[in-house]
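The values are calculated or read from the model by the stated rules, or taken from the named source; none is laboratory data. Given the structure is predicted, the values throughout are model-derived calculations rather than measurements. FYI the Cβ positions are ideal-geometry reconstructions off the backbone, even for glycines, and counts take in every protein chain you see.
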Amino acid sequence: MALRRLPQRAPLLGLLTVLSVSCLPGSALAANQAGSPSAAARIVGPIDQTHLVSLSGHTHPFAKAKFDQGPVSDSLPLEHMFLELRRSAEQEERLEGALREIQDPHSARYHSWLTAEELGRMFGPAQQDINTVVRWLEQQGLQVNRVSKNGLTIDVSGTAGQVRQIFHAEIHNYLVNGKRHIANAADPQIPAALAPVVVGFVALHDFMPKPALLKPAANFSFPCAGCPAGYSGIQYYDEAPADLATIYNVTPLYTASTPITGKGQTVVVLEDTDVNPADVATFRTAFGLSSYNGTFAQIHPGTGCTDPGTNDSELEAALDAEWAGAVAPDASVQLASCADTTTNFGGFIAAQNLLDLANPPYIISLSYIACETFEGPSGNAFMNGLWLQAAVEGVSVFVSAGDVGADSCDNIDVPAPNLAESGIGANGLASTPYNVATGGTDFLDTSQGTSSTYWSTTNTSSGGSAISYVPEMTWNDSCASSVLYAFVGYSNGVSYCNSIPGSSYLALGAGGGAPSFVYAKPDWQTNVPGVPNDGMRDLPDISLFASNGFWSHAVLFCMSDANQGGAPCDYSTPADAFANSAGGTSFTAPQFASIQALINQKAGAPQGNPNPVFYSLASSEYGSADNPDNTNLSACNASQGNAVSSSCVFHDVTTGNITEPCYGTNNCYDSVPAGYGVLSTSDTSLNEAYPATPGWDFATGLGSVNVTNLVNSWP
């Protein structure tokens, strides 16, 4: 959508290693279906309250003495804490083997999805062990609300005093950069007899996941001569649904003899807030989606889920709900929200309850960030178990890779300049092998001076102004951006970030990408050019446009609640349109979920984890890791814009980086004494983390997609 703008001054831990199992003797799934026992009990002997073990890695990194404000009241309620259990190593192997059969098109078990009950019965901890833990918790005076059907998560309520007495973990108040939090001041302890089964509490703190959303920044105007007109506020070209349909070639699906529009499909977005349904309706009407039959509803599913009302996550929830139905306009969208509890994210409560249903939703989107290191062993174990449950049930899960480049650990309570301090880290909500991690790109036309080639200065009736596919680069708003520092005549990010002009861009804002520190590399991520031989799960998998206006492009949405930072959704008024534009991989998770609705409609069935197919198609297009198809890599290079081959499934983004400014000694290269550095895989030499390269890369994964080709190529 072309918009006239007024001039703007607007604004490590214990590792949970999930092995990639290549083969198992016989049929693991068949063996379990034949009735073999799920597991032998591992809790033996009496539970000795005096023989304790500490649960290492369960203290949040921000629970530091310098932030400590003293203990909370013993009466503080800690409701719906999740205590995470573990499978045995042998069970994990058998479950991985079963999932491989379910995902293998050549297997007789292909797409024979399990129910939550079957998963728990065949692959959960021994029922005797679950009963023992539940009984022990109740004997301590805690309230056990429920046990998840996968057998891994026990929902417990109590008080801070009970946690102190039972688990020897005192809960304290903390003041972190002006914001108040609570957290356990030391690792909890449990009786040693329970240790073979209990991982620990998912959280005993309220450092909640953060929305992956960035509003346009306040200083989008360069102090340099000859800069693009977009920076002065003269002309922005923002992305409306019609623009996405043009750029990523969705329209042929809508106009096919049998239209593919998401009909009959449901997409769920996970939230901890409600939205005003009128905003969703306004968005659909403004951008020509109301002529389709897509529906919208808000639900509060299951045990422990209370209606959160609206809160400061409403911006996130509104864009999620709107864009989840924007690419598949005939799909039903459900916003599943639960209120946060003292120590639990409402989106987790909603997700577990939905996946425990006899008929779970088959497409789920989550647009929040919490780095692996901060999640700790139990938080990572919970995410792994949750998305593994989704995969075996046939559910496709899309999670934002993050909005702070290679550093997902500094997206919390950090004052400006919010530079990377924690080093390279992946979003722990997105890094499991069982979900799709969605990254972000930016458009390259503004920096090339070719906007008139790709955008009309007037809009269609549905708000579209894009003419064709637009050349793409990485999304990076910071002074460490290779496109930015080259544009203004600097040789690297270190020199630009330490310059007077570059100091205006000392901020974190870039598509997320990093290696996992927790999960081994899944076998489907091994045979595509560019995938590193690092033995770890690497993010992101795939990307779409996600910029927040830095190079004159952002994404439009509608959120009118002034109490939560909203504005009237009048897209003909520049100030209101600007207020209802943003960026971030917040957008790409629901957009890809909407694309998956098109895939599921065409396939006529749920598809489970899409990643094995994404990487298989990428290997066919780009060649294998050992034998790249350089012809196709060149033909599908996203920098070509409208000259890119029409046969490509993926657009290979090769321009730019997601490197961010940093300080400290964690993956931070700084050649300027007492200056700023940039994220680097080496502290002693400049190895940017990370540049875009041919094939897969940490900056954009496999790149963006031609949606029609993707849907029509789906096996």
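Structure above, values below:
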quantity	calculated
Positions within segment 615-665 being within 30 Å of S422 (Cα to Cα), out of contact with any helix residue (DSSP H, G or I) (no Cβ under 7 Å at 6 or more places or on another chain) and not in a loop (DSSP other than H, G, I, E, B), in sequence order	C662
Residue check for F207: farther than 28 Å from G120 by Cα and crowded, with 18+ Cβ neighbours inside 10 Å	yes
When residues of segment 506-541 are limited to those that are modelled with pLDDT under 95 and in contact with a helix residue (DSSP H, G or I) (Cβ under 7 Å, 6 or more places away or on another chain), the one nearest to V653 (Cα to Cα)	N527
Whichever residue in segment 242-271 is under 22 Å from A466 (Cβ atoms) and in contact with a strand residue (DSSP E or B) (Cβ under 7 Å, 6 or more places away or on another chain) and, among such residues, is surrounded by the fewest Cβ atoms within 10 Å (Cβ to Cβ)	T246
Selection status of S495, at pLDDT below 95, surrounded by fewer than 20 Cβ atoms within 10 Å (Cβ to Cβ) and assigned to a helix (DSSP H, G or I)	no
Residues located in segment 529-541, provided they are assigned to a loop (DSSP other than H, G, I, E, B) and of a type in the set (D, E)	D534, D541
Hey, N380 modelled with pLDDT of 95 or more, surrounded by fewer than 24 Cβ atoms within 10 Å (Cβ to Cβ) and not in a loop (DSSP other than H, G, I, E, B) or not	no
Positions within segment 272-293 being in contact with a Pro (Cβ under 7 Å, 6 or more places away or on another chain), crowded, with 19+ Cβ neighbours inside 10 Å and closer than 22 Å to T460 by Cβ, in sequence order	F287, L289
Conditions (1) assigned to a helix (DSSP H, G or I); (2) crowded, with 24+ Cβ neighbours inside 10 Å: number failed by S447	(2)
Residues within segment 142-162 that are assigned to a helix (DSSP H, G or I) and within 24 Å of L355 (Cβ to Cβ), tallied	0
Pick from segment 171-186, criterion aliphatic (A, V, I, L, M) and within 14 Å of S73 (Cβ to Cβ), ranking: surrounded by the fewest Cβ atoms within 10 Å (Cβ to Cβ)	I182
Tally, over segment 615-641, of residues that are among the hydroxyl-bearing types (S, T, Y) and under 27 Å from N435 (Cβ atoms)	6
Residues located in segment 49-68, provided they are over 23 Å from Q139 (Cα atoms) and assigned to a strand (DSSP E or B)	D68
In segment 68-105, the residues that are hydrophobic (A, V, I, L, M, F, W, C) and surrounded by 18 or more Cβ atoms within 10 Å (Cβ to Cβ)	V72, L78, M81, F82, L83, L85, L95, A98, L99, I102
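For (1) in contact with a Lys or Arg (Cβ under 8 Å, 6 or more places away or on another chain); (2) in the same structural domain as F382 (by TED's automatic domain parsing); (3) among the aliphatic types (A, V, I, L, M), each residue gets a yes or a no:
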| site | (1), (2), (3) |
| --- | --- |
| P46 | no, no, no |
| S54 | no, no, no |
| H60 | no, no, no |
| D68 | no, no, no |
| L95 | yes, no, yes |
| A160 | no, no, yes |
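One line per residue, one yes/no per condition, for (1) within 30 Å of S482 (Cβ to Cβ); (2) part of a helix (DSSP H, G or I):
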position: S543; (1), (2): yes, no
position: N548; (1), (2): yes, no
position: M559; (1), (2): no, no
position: N563; (1), (2): no, yes
position: P568; (1), (2): no, no
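Residue-wise test of (1) over 26 Å from D538 (Cβ atoms); (2) over 30 Å from the mean Cα position of the chain (by Cα); (3) hydrophobic (A, V, I, L, M, F, W, C).
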position: S461; (1), (2), (3): yes, yes, no
position: A466; (1), (2), (3): yes, no, yes
position: T474; (1), (2), (3): no, no, no
position: D477; (1), (2), (3): no, no, no
position: N492; (1), (2), (3): no, no, no
position: S499; (1), (2), (3): yes, yes, no
